[in-house]
Structures are given as C-alpha cells and as structure tokens.
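The values are calculated or read from the model by the stated rules, or taken from the named source; none is laboratory data. Not measured: the values here are computed from a predicted model. Positions of Cβ are backbone-derived with ideal geometry, glycine not excepted, and every protein chain shown enters the neighbour counts. In case anyone asks, the SASA skips ligands and DNA or RNA and just uses the protein heavy atoms, side chains included. Shrake-Rupley method; radii C 1.70, N 1.55, O 1.52, S 1.80 Å.
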Amino acid sequence: MSDSLPVVAAVQMVSKANIHDNLESARRLIAEAAARNAQLVLLPENFAVLDGGPLQQYGEIEGASQTLLQRFLAEQAKIHRLILVAGTIPLLSRPGKPDEILTDGRVRPACLVYGRDGAVLARYDKMHLFDVTVEDRQAEYSESRSFEPGDELATVKTDLGHLGLSICYDLRFPELYRRLRESGAELITVPSAFTHTTGKAHWEPLLRARAIENQCYVIAANQGGIHNERRETWGHSMIVDPWGTVLDCIPSGEGIAVAGIDLALLRKIRHNMPVMSHRRI
C-alpha cells in the first residue's frame, strides 16, 4: 500500500445482545483502524445490537445528539478525525422529519455518515428488506416485521471521494448500484450482517460484481461469527478495487480490513473501459 494513498477500513464485529458491550467493541476497533491511518471507517450492519429483542427499545430520533448511539458515533468521528460510516442504527423518525415518528413498532434501519468534526453528512435507510427462508438454524428471516424500508438513494461527497451508500440485502439488486454510479459514486459502502449460509455462496461474488460493473471501490463490513444459538454470520469483510481485486479480507471474528484508495486508478479504468457510455438499455 502506497503511503500517499488515503486509507479506508471495514470493521468486522460479532455483535450480540448487550448494546454496551457492542459499543465498547466498536470503540476499540475504530481506534485500531485510526491507529492504522484509516481516514474512513465503516461499521457493520446492526453493530450496536444484534438479537437484543424488539429494536424499537433502542430506537432514536434523528438529530437527537445526546442519545446513546448518535452521541457515541459523533464522538468517535470527532475524536479520531475521520469519516465514520456508521453501519446501521435503529431510528424512530423518517429522514429529515424528526417529528414524523413510526408508531407501528418498527424502526428505520439507518446508515448515518459522520464527518471529521462529528457532524452528520448523510443518511441512508435500507431499501431492500431480508424476508427470506435460509437453510440454517434460524431458517426464517423477516426484516419487514422490525423495519420500515427506505425509499431514497443516498450519496455524499467527501474529501476521500464520492460515497454511495447501501446496506446488506441491497447487494442483490444491481440496479441500485448503477443508480449510485450515475449519481457520481466512486466508493460504495456495504455494511452487512450476511448469514453464514448465504455469505458462503454469494458474498464475495456479489461484492466483486458490484465493483466491476460500476468501476467503484466497494468497502464491505460484515458481521462475522456466532451471535447466539441460531444466528451465525459469514464475515469476510473486504475491500474490493474497481477492477474486482480483493485488497484485504478478514475471514472471521473481530478484525479490520484496510486498504488504500487510488482514485487515479479508478479514473484510468473508467477511461480505458467507458462502460457507462456503451450502454444500450
């Protein structure tokens, strides 16, 4: 890795039911990423609580800066002077509408992006919900019981590049990523809690495909281990370059994938193979 390239990091966790233990793990791993010169850190989906009962009990209103999760995230971004793409947290309010509170027991699965000063730069709510049957010990996943889906794409310009935001099951919907590319995305983040079964089969091929198709860096932070007697996630958090090369990967357990981001390489790939101008449909 060239010392001149900006560094990004994907944090892999094994979050469980205790929110305070999970936050301490996130605090330690963010600090480790910062010590490795990361200027952008991505946390996994559900990093603060996984299998902790109904998520509404942890839900916060967007912009309530003194609440547990939003205060923690703002502090971490500010302390380490980095861009923090904060996995997902449960929010009770819809984007930009703090007075519009969900009343049906569900929450919004929201990814907040924090700038180096601790201010929120963007919010993306997961659009595609994981309502599927998987051949594992949990068998049935019904996110729509707990989550209200989002309906808006989100990108944000940063000093490291133009970020496009996505979450976990979104990965199976390539049209979302093409829209992010059309909106200017150069780096795409994918905080996830991919199951062990589906991840083993599809995680890396999907990540590499999204990177290759859209000629973007893909930064993917997954949950990576056994969370309870029924839930196991695949791990393999990784960073993929626009040519589809896996630059770093953490197979299982806690860890940090780290890589340099070379936007000159990205622009060269896009110049040499201008796929966006070649589209016929």
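For the reader, a short list of remarks on this structure follows.
- Extreme residue, modelled with the lowest pLDDT, among residues of region 43-96 that are surrounded by fewer than 16 Cβ atoms within 10 Å (Cβ to Cβ) and among the charged types (D, E, K, R): D51
- Residues of region 131-142 that are without any contact (Cβ under 8 Å) to a residue 60 or more places away in the chain and open to solvent by less than 30 Å² (accessible area, probe 1.4 Å): Y141 alone.
- Note on region 101-128: residues that are under 14 Å from E60 (Cβ atoms) and free of Cβ contacts under 8 Å to residues at least 40 places away in the same chain total 1.
- Residues of region 7-18 that turn out to be open to solvent by 10 Å² or more (accessible area, probe 1.4 Å) and within 14 Å of P44 (Cα to Cα), as a count: 2
- Search result, residues across region 224-281 that are assigned to a loop (DSSP other than H, G, I, E, B), open to solvent by 10 Å² or more (accessible area, probe 1.4 Å) and hydrophobic (A, V, I, L, M, F, W, C): W234, W243, M273, I281
- When D125 is tested against (1) crowded, with 18+ Cβ neighbours inside 10 Å; (2) under 20 Å from V41 (Cβ atoms); (3) not aliphatic (A, V, I, L, M), exactly one condition is not met: (2).
- Those residues of region 182-218 which are open to solvent by 30 Å² or more (accessible area, probe 1.4 Å) and either touching an Asp or Glu at 6+ places or on another chain (Cβ under 8 Å) or of a type in the set (F, W, Y) (or both), in sequence order: H196, T197
- Filtering region 102-122 to residues that are over 14 Å from Q70 (Cα atoms), open to solvent by 50 Å² or more (accessible area, probe 1.4 Å) and assigned to a strand (DSSP E or B) leaves nothing.
- Where a residue in region 194-220 is in contact (Cβ under 8 Å) with a residue 40 or more places away in the chain and within 27 Å of R230 (Cα to Cα) and its partner, wherever it lies, is of a type in the set (D, E) and surrounded by fewer than 24 Cβ atoms within 10 Å (Cβ to Cβ), with Cβ under 8 Å and at least six apart: T195/D136; T195/E232; H196/D136; H196/E232; T197/E135; T197/D136
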